[in-house]
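Structure, as structure tokens:
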């Protein structure tokens, strides 16, 4: 039997769930630097955007009753990987503490919003 659960922040209804869990696997949609009111945070500042994006990942995880220690795979998209990889990896390692999920860092030409420098999607587990 499939056990399906979704998580949506009321302000972020774009036709997809922010998180979708089936049989203990949580799929987290691409998160970026918006606060709970939908305001963009940190225009031009990769560190501020990365912190807010990680905070949003955390909020989705909490919606499923798990923590960052349940992350299994993380995919980070950067519009300027040459300039931003070092800072993002440093912040990501701080965020994860000793946990080390699998992951990818991908350079892209652009993301959904012109001011967006980073987007992170992830897969986590409930056990």
Need at least 3 residues that are within 13 Å of the chain's Cα centre (by Cα) and closer than 22 Å to residue 20 by Cβ per element, so show me which strands (runs of 3 or more DSSP E) inside the stretch 30-127 make the cut, counting only ones lying wholly within it. 71-78, 118-125
Can you pull out the residues in the stretch 20-45 that are at negative phi and modelled with pLDDT under 90? 35, 36, 37
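The values are calculated or read from the model by the stated rules, or taken from the named source; none is laboratory data. Being a predicted model, the structure only gives us computed values, none of them experimental. Glycine gets a Cβ as well: all are built from the backbone with ideal geometry, and neighbour counts include every protein chain shown.
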